[in-house]
Amino acid sequence: MHYNYVPISKRQALKFPNGKKVALIMTFNLETWDLVKDTDKPYYAGGPALLPNALPGNVPDFPNYSWREYGQRVGIWRMYDLFDEMGVAASCTTNAVTFDRRKEMTDGCLERNWELLAHNYEQGELLSDYAHDIDKERDVIQKSISTYEKHVGRRPKGWLSSSLRATINTPAILAKEGFTFFCDIMNDDQPFMIQTENGPIVSIPYSNEINDFTILTRRAHTTDEFRDILIDELDQLYLEGAKTGRIMNVGLHPHVSGRAYRIRALREFIEHAKSLPDVWWTTREELADWYQDNYQDHFPNQLEKN
């Protein structure tokens with residue numbers, strides 16, 4: 001894979017449809033972990049733990065497992081209810097095993113006709129585990145595609161790796177499998193093209209910074225501070241978007257944002273975002289399709305190595 005270094009100051013203005021300034025994407029991550037794994041090594045379940053000192057994979061870690069499971073049992077439904085109330089859609093990602101183990105979660109997305117991205121097979125199995133085994137990595141991706149297609153009725157177009165842990169081979173594998181966009185490269189406020197040996201793929205950056213794990217779990221901000229950070233980010237991007245369009249992704253996890261005392265932050269942020277007339281409430285697939293047709297007007301020759 002390769003992408004050119006072109007600072008935003010050297011690009012042409014990115015003009016979103018209908019003069020929109022910010023493409024706003026609210027992401028629900030529908031994730032599923034194993035309670036135990038056949039290993040005596042510490043089990044990283046694809047996200048930060050609430051309690052430290054990870055246990056061996058073959059020992060049940062009930063405090064951390066059940067903390068996460070709260071999102072599957074309660075938190076996601078609070079988030080679905082809020083977004084229904086506010087009349088906005090989220091862009092969901094899902095581990096393939098969620099279709100079988102927590103089907104109601106994925107059904108909730110599909111019944112609303114929301115976007116659903118492939119998000120690895122199982123949350124605790126990272127593609128980076130196979131950084132030097134391209135065949136095994138390809139197997140995980142293909143297994144994820146097969147399960148997705150079985151339940152959704154079509155192949156996925158977008159991919160977000162568990163914990164953003166891709167490999168140097170991931171974009172090329174995805175391009176060969178027909179994916180049009182990839183979300184793991186978090187280095188920009190705009191889409192851009194990634195070159196691979198199997199053709200180009202659009203980068204639609206996710207964010208570990210504008211993310212409830214980082215803001216609430218890792219940095220321990222309050223509910224008000226979470227809301228204010230989201231509003232401040234959007235307001236600045238909206239100001240800059242008058243000159244050249246920006247993306248804002250908000251990464252959300254049901255066991256973090258779905259807590260009763262935190263849901264207010266999302267409500268108040270959405271109220272603010274809806275008050276801005278030039279926010280583009282879009283999907284990643286819509287944005288990627290549009291960008292494939294317009295990237296030459298943004299910064300030409302992206303697919304030529306420099």
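The values are calculated or read from the model by the stated rules, or taken from the named source; none is laboratory data. Note that this is a predicted model, so its numbers are computed, not measured. Glycine gets a Cβ as well: all are built from the backbone with ideal geometry, and neighbour counts include every protein chain shown. With ligands, DNA and RNA removed, areas are computed over all heavy atoms of the protein, side chains included. Shrake-Rupley method; radii C 1.70, N 1.55, O 1.52, S 1.80 Å.
Tell me yes or no: at least one residue of the stretch 69-91 is polar (S, T, N, Q), farther than 19 Å from residue 37 by Cβ and open to solvent by 20 Å² or more (accessible area, probe 1.4 Å).
Let us first name the residues in the stretch 69-91 that are polar (S, T, N, Q), namely 72, 91.
Keeping just the survivors that are farther than 19 Å from residue 37 by Cβ gives 91.
Then keep just the ones that are open to solvent by 20 Å² or more (accessible area, probe 1.4 Å); that gives none.
Looking for residues that are polar (S, T, N, Q), farther than 19 Å from residue 37 by Cβ and open to solvent by 20 Å² or more (accessible area, probe 1.4 Å), one finds none in the stretch 69-91, hence no.
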remark   = Given the conditions (1) touching a residue at least 40 places away in the same chain (Cβ under 8 Å); (2) within 25 Å of residue 38 (Cβ to Cβ), every one holds for residue 134 apart from (1)
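I need the full set of residues from the stretch 98-110 which are open to solvent by less than 70 Å² (accessible area, probe 1.4 Å) and either basic (Lys, Arg) or in contact with a Lys or Arg (Cβ under 9 Å, 6 or more places away or on another chain) (or both), in order please.
Applying the first criterion (open to solvent by less than 70 Å² (accessible area, probe 1.4 Å)) to the stretch 98-110 yields 98-99, 102, 105-110.
Listed by number, the residues that qualify are 99, 102.
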message = Looking only at residues that are farther than 21 Å from residue 149 by Cα and not in a loop (DSSP other than H, G, I, E, B) in the stretch 111-134, which one is most open to solvent (accessible area, probe 1.4 Å)?
response = 129
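Tell me which residues, restricted to the stretch 7-58, are closer than 30 Å to residue 306 by Cβ and open to solvent by less than 30 Å² (accessible area, probe 1.4 Å). Talk me through it step by step, then tell me what you get.
Keep residues of the stretch 7-58 that are closer than 30 Å to residue 306 by Cβ, which gives 7-17, 20-23, 25.
Those that are closer than 30 Å to residue 306 by Cβ and open to solvent by less than 30 Å² (accessible area, probe 1.4 Å): 14, 16, 22, 23, 25.
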query = Name the pairs whose Cβ atoms lie under 8 Å apart, with the first residue in the stretch 152-166 and within 15 Å of residue 25 (Cβ to Cβ), the second assigned to a helix (DSSP H, G or I) and open to solvent by 10 Å² or more (accessible area, probe 1.4 Å), and 6 or more positions between them or separate chains?
reply = 157/285; 158/285
